[in-house]
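Since the structure comes first, as C-alpha cells, the remarks are kept for the end.
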Amino acid sequence: MKRLRIKIREYFSVLMAEYSHIFTDAGVMLIMIFAILIYATVYSFAYKNEVLRDIPVGVVDNSMTPASRQLIRTFDAAANINVVYSPENMAEAEKLFFDRKIYGIVYIPDDYEKNLLKGVPAIVGVYVDASYFLMYRQVFSDVVAGLTGNGTEVEFSRLIAQGINAPQAEAVVSPVNFTLKNLYNPYLGYGTFLMPAIIMVIIQQTLLIGIGMIGGTWREFGVYRRLRTPGEKRLSTLPIVLGKATAYMSIYAVTLSYILSFHYRMFHLPMNAPIWNVLAFLIPYILACIFLGIALSTLFKYRENSILFLLWSSIPLLLISGASVPKEAIPGWLYNFGRIFPSSAGVEGFLRVQTMGANLADVRPEITTLWILCFVYLILACIGIRLVMNRSDVK
C-alpha cells in the first residue's frame with residue numbers, strides 16, 4: 001500500500017512538473033499549443049478557395065466563322081477558364097504561354113466549320129500546362145466539356161435538319177443520360193481533400209517535437225533527480241510515462257475540441273461522423289503519438305536535438321501515409337515502413353471516419369494498428385526512461 005501511495009505521489013509530481021515545463025517554456029508552448037492552431041488556420045486559409053477559377057487561356061481561331069465563335073463563347077462561359085487572349089497564330093500563342101500569361105491554348109483550324117457541315121470529324125488542338133497539375137485538370141476538363149457539348153449541339157441540329165424529330169435526335173446524340181454526384185467532397189476542393197490529413201500529421205509532429213524538447217530539458221537540468229521521493233533511489237518508470245502522457249493528452253483534448261468544432265465549421269470541412277466515433281478513433285491515435293514521443297525523447301540529451309531530428313520528417317510522413325499520393329502508387333516496402341508511425345493508420349482511418357462517415361467497425365484494422373502501436377511504444381517509452389535514469393547523469 002505504501003508503494004502504491006508513493007507511485008501515485010510520483011505520478012502527480014510528474015504531472016505537475018510537466019504542466020509547469022509546458023506553460024513556462026515559450027518554445028514548447030509554441031510547438032504543442034499554438035503550432036497546430038496556426039498551421040491549421042494558415043493552411044485552411046491558403047486552400048479556402050478550394051478550386052482554381054478563371055484560369056487564363058488563349059484561343060487561336062483560324063476558322064473565324066460563326067461555329068468557331070460559338071465554340072469560343074462556350075469556353076468563356078465555363079466556370080474555371082477564361083478566354084483572355086485571341087492570338088493570331090501559334091507563335092504568338094506560344095509566347096503568351098511561355099510568358100505565363102496563359103496556361104492553355106486551343107487551336108481551331110480553318111476547316112473547322114466546313115468539316116462540321118460535311119459531317120466529318122473536326123480536329124481541334126488543345127495544349128495545356130501539365131506542370132501545374134490542378135491547373136491542367138481544370139483547363140483540360142472545361143475545354144473537353146465545351147468541345148463535347150458543342151459537338152452534341154451540332155449533331156443535334158444536323159439531325160433536325162434531316163427531318164428527324166427532336167426526341168429521336170436527342171436520343172441519338174445522348175443515348176445515355178447520367179447524374180453525377182461527388183461524394184464527401186461535393187465541390188472537388190483541394191482544401192477539403194487535403195486538410196484533414198494535414199491536421200492529423202500536424203498533431204503527430206507537434207507532439208513528437210514538443211515531447212522531445214521537454215525530454216531534453218528533463219535530462220539537461222536533472223529533473224529526474226529533483227522529483228524523486230525522499231528516501232527513494234529514483235523515480236518509478238510507469239508514473240513518469242503516465243504522468244507525462246496525462247499532461248499531453250489533456251492539452252490536446254482542449255486543442256482538438258477547437259479544431260473539430262469551430263475550425264471545421266469555419267472552413268466548411270466535412271463532418272460526417274458522430275463525435276463519439278471521432279473521439280473513439282482519436283484516443284488511440286493521440287496515445288500512440290504520445291508514447292512514441294516519450295520513447296524518442298529519451299534519445300535527446302538537449303532540447304534542440306529533437307527539433308533538428310524530427311522537423312524534417314513531416315512532409316515524408318504525409319506522403320507515405322497515402323493521403324496526398326494513393327497508397328497503390330507508393331512502393332509496397334515504403335508504405336509498409338510508414339505503418340510503424342501512427343500517422344499512416346491515423347490519416348487513413350480519420351479520413352474514412354470523419355470525412356466519409358464510416359463506422360468504427362469499418363476502420364477496425366486501423367484502430368487495431370493504433371492500439372498495437374500504443375502498447376509497443378508504451379513499452380519502448382518505459383525502457384527508454386529506465387535507461388535514462390540508470391545513467392550517471394540522472395542518478
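Nothing in this text is a laboratory measurement; each read-out follows from the coordinates by a stated rule. Values in this document were obtained by computation on a predicted structure and should not be read as measured data. Quick reminder, even Gly has a Cβ in these numbers, built from the backbone with ideal geometry, and neighbours come from all protein chains shown.
Below is a table of values for the structure above.
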| item | result |
| --- | --- |
| Rounded tilt (10° steps) of 275-297 against the dominant C-alpha axis of the chain | 60 |
| Length added when fully stretched, HIS268-ARG339, from 0.36 nm per residue minus Cα-Cα | 22.6 nm |
| ASN89 versus PHE23: modelled label distance in nm, points set 7 Å from Cα along the beta carbon direction | 7.5 |
| Rough spin-label spacing in nm, given labels placed 7 Å along Cα→Cβ, for ILE8 and VAL176 | 7.0 |
| Gaussian network model of the chain, springs between alpha carbon atoms under 10 Å - residue of PHE341, PHE133, PHE45 with greatest fluctuation | PHE133 |
| Theoretical gain in end-to-end length, THR41 to GLU155 [0.36 nm per residue, Cα-Cα removed] | 36.1 nm |
| Lysines with Cα under 24 Å of LYS7, excluding same-chain neighbours fewer than 8 positions away | LYS233, LYS244, LYS395 |
| Rounded if a/c under 1.5, otherwise prolate or oblate - region 88-227, Cα gyration tensor axes | oblate |
| Considering only the chain, percent of DSSP beta bridges that pair antiparallel, nearest 5 | 35 |
| Segment ALA280-GLN168, extension gain: residue separation times 0.36 nm, minus the distance between their alpha carbons | 34.7 nm |
| Estimated inter-spin distance, TRP312 and ILE123, nm [label 7 Å along Cα→Cβ] | 5.1 |
| Cα-based equivalent ellipsoid, the chain: semi-axes from gyration tensor eigenvalues, Å | 61, 22, 16 |
| Gaussian network model of the chain, springs between alpha carbon atoms under 10 Å - residue of ILE211, ILE199, ILE372 with greatest fluctuation | ILE372 |
| Dipole moment magnitude, nearest 20 debye, the chain about Cα centre, only Lys, Arg, Asp, Glu C-beta charged | 3020 |
| GNM flexibility winner over the chain from GLY210, GLY104, GLY191 (Cα, springs under 10 Å) | GLY104 |
| Residues ALA253 and LEU188, FRET efficiency given R0 of 30 Å [Cβ-Cβ distance, rounded to 0.05] | 0.35 |
